[in-house]
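This report concerns only the one structure given below.
The values are calculated or read from the model by the stated rules, or taken from the named source; none is laboratory data. This is a predicted model, so every value here is computed, not measured. Note that we place each Cβ from the backbone using ideal geometry, even for glycine, and neighbour counts take in every protein chain shown.
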Amino acid sequence: MDTTAEPIALPGASAREPHDQREHLMFDPRPRGEMNAMVMESMHKTSKKFWGVVIFLVLTVLFALLGAWAYMIAEGMGVTGLTRPEYWGIFIVDMVFWIGISHAGTFISALLRVMKYEIRRPFTRAAELMTTFGLIQAAICIFLHLGRVWLGYWLVPYPNGRAIWPNFHSPLMWDFMAITTYVIASTMYLFMPLIPDLAMARDRSTGWRKSLYRYLSLGFRGTEPEWKHLKTAMNIFAFAIIPVMFSVHTVVSWDFAMSTRPGWNSTIFGPYFVIGALHSGIAAVMIVIFMIRSTMKNMKYFIRPEHFEFLGKLSLIVSMTWAYFFFNDYLVPWYGGNKFEKLLLDFHSNGPFAYVWVTMLICNIVIPWLILWNKKWRSTPWVMLLVGIVINVGMWIERFIIIPVSLNITRMPFTWRVYKPSIEIPLTIGTFALFMLLYMLASRLIPLVPVWEVQEGQSAHILRKVGKAVIPTVSNVD
Amino acid sequence: MSGAKSRNTPSKWGMVINQDLCMGCQACVAACAMENNISFIGEQDVNTGRSMQWIHTERFWNGQYPNVYTNFQPILCQQCGNAPCESTCPVYASVHSDSEQINAQIYNRCVGTRYCANNCPYQVRVFNWRDYSRPVPLNNQLNPDVTVRRRGIMEKCTFCIQRIHRAELTAQTEGRQLQDGEVEPACVQACPAYAIVFGRLDDPNSQVSQLAKQGRAFRLLEELDTQPKVIYLTGDSNHGHNG
Amino acid sequence: MADTLTLLALFAEIDPSVSAIDKLHEMGITDEKLNVISGIPLNHDVLGRPNLRTFIPRLAMGGAMIGLVAALFLIFGIPGLYPLTVGGQPVFPFPPFLIVGFELTMLGLMGMAFLGLLLAGRLPSYEPKVYVPEISDGMIALVFSCPVEQQAQFEDALLSMGAEQVQPVEASTL
């Protein structure tokens, strides 16, 4: 496992800095015990600022989410800005947004694992946690949206004395099936690679933490059969959850595409939404790993500029793909669509929300294309944080344009009305606060870096001399 | 492989609205509100577009000054044969009634997802955004044949199904068939111009079927193939203006 | 019954541990009697050990079948029991079956794969087991039983192959 060979410059090359492979995590191995200690320390070390933020978030969740929600349940949906014809508003925007965010976790954890992108290793768990917590927020947003939320359980297919089951003709039921599948699958997929790390935490903890990790790690030791079963199950999951990921956001998009509304009844919504989900999700991962790297101890060893650089490259490709789908969705009605769809496009770009629509295009296309082509900027964490935030703002706006703004225009002009949100804003802020709160609390309890996967990757990366060059190589020991 | 066939759904109860006769007095709106226990929303909510009118009239201005005239179009639930609202309700609160061939709204099943209202191309569905109060003595005006809906429930015109059932039961007890014109929804009963006619579209001799065969007859948003049961007769006869 | 004890040898690197496994084979410890416990998964080819079979894929396929049957019931069974007409669509809708069928099949597949992991690994189990915390620090442990008299022999052999330490262990709670 020789990784200390000095890279040799090619003959005739100018005197430039030979590339130090040690700036890559996979070529900068440390003893596993040291990495374990670093991860455990990052979990334990908190500061007053941390708990101050947690208390602030708890208060926000209590008032902006739970308090406002209780008021809305008691008073009725009338306290929102919803009306005819926009029966669906910011709650559905938030739901689609959170489901979109959750797709990045699966993308990074499953798709990159299947394609053997070793660079994913340190941040798979951070992404998977984002998936689980994002789906929790999406579920909350669905409940927020229901007019009689106390009867929401009627969407569950179960034998009952009323002799009536849910209606599977409805895209909302397909949604329910898809999201349930995705939540259960991604939680299992988060848990499985976590078991060995929980075992490590068990070995290095005392007191109530030790009991907690002892129970959660299920008695895992690392015997050959245990690893064999774990890797087999993880492989099945990695392959199976990728089509589920694609199908979930496609099914969510069909909530809109199956309807008759002008601007919604578009066949391109399936792939358009999936790419949109990847776009906002990858940007959210950039934000999350920046936060982890800059606020948690020892994380600068695990999360490096190379990871931001990789995510930035991915984000640029996805941004171009998103632009392709957006233009497709725009061009077809513009060219020869029915008069209401043309009116709708005009309403988007010249109506009262025109500034929002333009902001969306700037955030989703212009800024990524201006910044992400440059390798040096891609490798600068704070630049990527800003790009991540900008993209997420743009993608939230995209769903806002598609849902409440498009609903303003119908085939019955007497019903046209501009949407003015009211209690939806604090409730949205509440879901963001809950997401951040859950993540911060999880960072105290769950090792955010899958150390066994990092060590596995490091042991597979070697520097090999080919001719006069030293080539980084990855061996495939699966 | 043969092309897609238009699904011709059976007809039973239907309505013809004669726009030539309608003068926009909104007696139908008031009668419907009284018959069906519709809540009083208040000015603020009506201004935000939440008016709960199961039937509402739309007014179209035609012509140039001084030859300006209006066309009124009462819009109500079209009771579509291929109703876009029915397939989207996740809990079967909006189903097709096979015995009346209209779109039934089951109030106590509705969980308020509001997908049906989004999908209605005519935007005739109405949602209970709040619990509205009915100060004494307005509560005495409630119709015992119709459920009172609370917040979170979607509602819409039902062709006064309670009146259909009452007439059918009366005819059954009297041991006879229903006559054409015996069933009158509240809007039909209230209209002073007899602009709305209601009856059996599957009976070729009923007044409704005869009117529906006229050259002036059209359906709203026909291109969507919703197969509505409400037929409109155009009112573009210049309303007696000369020249 | 001869007295046996359980020896645990810790190695820091893969190559010495593989040579040690060969040495143990020479000394009479067959593959079935030897346990290799490690902090990262080590491929059986790397270690020179037999390939272990796992029934998880077959269980997962069974789970997929269960999911498919559940979808069949929801889309075709229930409208058969309680038919309701909606939207001019057929009572038994086929395209929704494709969607719901796919989702529930995948849920069944993955759910049973996870349950298979628990069943196959006999997890969760909290009884006392042979283990040392150094394993999760990246050490490779070779665990085997040997007669008490031969303890010194094995210890010397393994230490000479590069073991960090060799010690007798008892099963203890983890």
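Couple of notes before you dig in:
- Scanning the stretch B:45-101 for residues that are out of contact with any helix residue (DSSP H, G or I) (no Cβ under 6 Å at 6 or more places or on another chain), assigned to a strand (DSSP E or B) and of a type in the set (Phe, Trp, Tyr) gives B:Phe60, B:Trp61, B:Phe72.
- Of the residues making up the stretch C:77-94, at least one is among the hydrophobic types (A, V, I, L, M, F, W, C), in contact with a Leu (Cβ under 8 Å, 6 or more places away or on another chain) and either surrounded by fewer than 18 Cβ atoms within 10 Å (Cβ to Cβ) or assigned to a helix (DSSP H, G or I) (or both).
- Test: residue in the stretch A:257-280 that is surrounded by fewer than 24 Cβ atoms within 10 Å (Cβ to Cβ), in a helix (DSSP H, G or I) and more than 21 Å from the chain's Cα centre (by Cα): yes
- When residues of the stretch B:165-190 are limited to those that are of a type in the set (Asp, Glu) and over 16 Å from B:Ile102 (Cβ atoms), the one farthest from the chain's Cα centre (by Cα): B:Glu174
- Top-ranked residue of the stretch A:239-253 - restricted to ones that are surrounded by fewer than 20 Cβ atoms within 10 Å (Cβ to Cβ) and in contact (Cβ under 8 Å) with a residue 40 or more places away in the chain, ranked as nearest to A:Ser170 (Cα to Cα): A:Ile242
- Each residue in the stretch A:322-373 was checked for being under 27 Å from A:Ile282 (Cα atoms), outside any loop (DSSP other than H, G, I, E, B), touching a helix residue (DSSP H, G or I) at 6+ places or on another chain (Cβ under 9 Å) and of a type in the set (A, V, I, L, M), and 10 pass.
- Residue within the stretch C:39-62 that is more than 12 Å from chain A (Cβ to nearest Cβ) and more than 30 Å from A:Gln458 (Cα to Cα) present: yes
- Among residues of the stretch B:43-83, those that are under 17 Å from B:Val230 (Cα atoms) and free of Cβ contacts under 8 Å to residues at least 40 places away in the same chain, counted: 3
- Entry remark, the stretch C:154-174: residues being within 14 Å of chain A (Cβ to nearest Cβ) and of a type outside the set (A, V, I, L, M) number 3 in total.
- Scanning the stretch B:159-182 for residues that are outside any helix (DSSP H, G or I) and surrounded by fewer than 22 Cβ atoms within 10 Å (Cβ to Cβ) returns B:Glu174, B:Gly175, B:Arg176, B:Gln177, B:Leu178, B:Gln179, B:Asp180, B:Gly181, B:Glu182.
- In this structure, A:Ser211 does satisfy being outside any loop (DSSP other than H, G, I, E, B) and among the hydroxyl-bearing types (Ser, Thr, Tyr).
- Condition met for A:Ala70 (buried (at least 23 other Cβ atoms within 10 Å of the Cβ) and either assigned to a loop (DSSP other than H, G, I, E, B) or more than 14 Å from chain B (Cβ to nearest Cβ) (or both)): no
- Restricting C:Phe97, C:Phe73, C:Phe102, C:Phe114 to those that are within 18 Å of the chain's Cα centre (by Cα) and either crowded, with 16+ Cβ neighbours inside 10 Å or not in a loop (DSSP other than H, G, I, E, B) (or both) reduces the list to C:Phe114.
- In the stretch C:149-174, the residues that are β-branched (Val, Ile, Thr) and modelled with pLDDT under 90: C:Thr173
- A search for C-beta distances below 6 Å between a residue of the stretch A:74-91 that is more than 7 Å from every other protein chain (Cβ to nearest Cβ) and any residue that is small (Gly, Ala, Ser) and surrounded by 24 or more Cβ atoms within 10 Å (Cβ to Cβ), counting only pairs 6+ apart in sequence or on different chains, returns A:Leu82/A:Gly89.
- Candidate set from the stretch B:100-124 (those that are closer than 21 Å to B:Cys160 by Cα and touching a residue at least 60 places away in the same chain (Cβ under 8 Å)); member that is nearest to the other protein chains (Cβ to nearest Cβ): B:Tyr122
- Enumeration of residues in the stretch A:132-172 that are among the small types (Gly, Ala, Ser) and within 20 Å of B:Thr88 (Cβ to Cβ): A:Ala138, A:Gly147, A:Gly152, A:Ser170
- Pair list, Cβ < 7 Å and 6+ apart or interchain, from the stretch C:5-29 residues that are within 14 Å of chain A (Cβ to nearest Cβ) to residues that are buried (at least 16 other Cβ atoms within 10 Å of the Cβ) and assigned to a helix (DSSP H, G or I): C:Leu10/C:Glu134; C:Phe11/C:Ser17; C:Phe11/C:Ala20; C:Pro16/C:Met161; C:Val18/C:Leu47; C:Ile21/C:Leu47
- Per this entry, A:Pro352 is not counted among residues that are touching a residue at least 12 places away in the same chain (Cβ under 8 Å) and either in contact with an Asp or Glu (Cβ under 6 Å, 6 or more places away or on another chain) or of a type in the set (Asp, Glu) (or both).
- Residue satisfying condition, being in contact with a Ser or Thr (Cβ under 8 Å, 6 or more places away or on another chain), without any contact (Cβ under 8 Å) to a residue 40 or more places away in the chain and of a type in the set (Ser, Thr, Tyr), within set A:Tyr213, A:Tyr182: A:Tyr213
- Among the numbered conditions (1) more than 8 Å from every other protein chain (Cβ to nearest Cβ); (2) outside any helix (DSSP H, G or I), the only one that A:Phe220 does not meet is (1).
- When the stretch B:126-142 is filtered for residues that are more than 8 Å from chain A (Cβ to nearest Cβ) and either surrounded by 19 or more Cβ atoms within 10 Å (Cβ to Cβ) or assigned to a loop (DSSP other than H, G, I, E, B) (or both), the ones remaining, listed by number, are B:Tyr132, B:Ser133, B:Arg134, B:Pro135, B:Val136, B:Pro137, B:Leu142.
- The residue of the stretch A:166-206 that is surrounded by the fewest Cβ atoms within 10 Å (Cβ to Cβ), among those that are more than 8 Å from chain B (Cβ to nearest Cβ) and assigned to a loop (DSSP other than H, G, I, E, B), is A:Thr206.
- In the condition set (1) closer than 17 Å to A:Asn167 by Cα; (2) surrounded by fewer than 18 Cβ atoms within 10 Å (Cβ to Cβ); (3) free of Cβ contacts under 8 Å to residues at least 40 places away in the same chain; (4) not polar (S, T, N, Q), B:Glu86 is compliant with all but (2).
- Boolean, A:Asp94 is within 12 Å of another protein chain (Cβ to nearest Cβ) and in a helix (DSSP H, G or I): no
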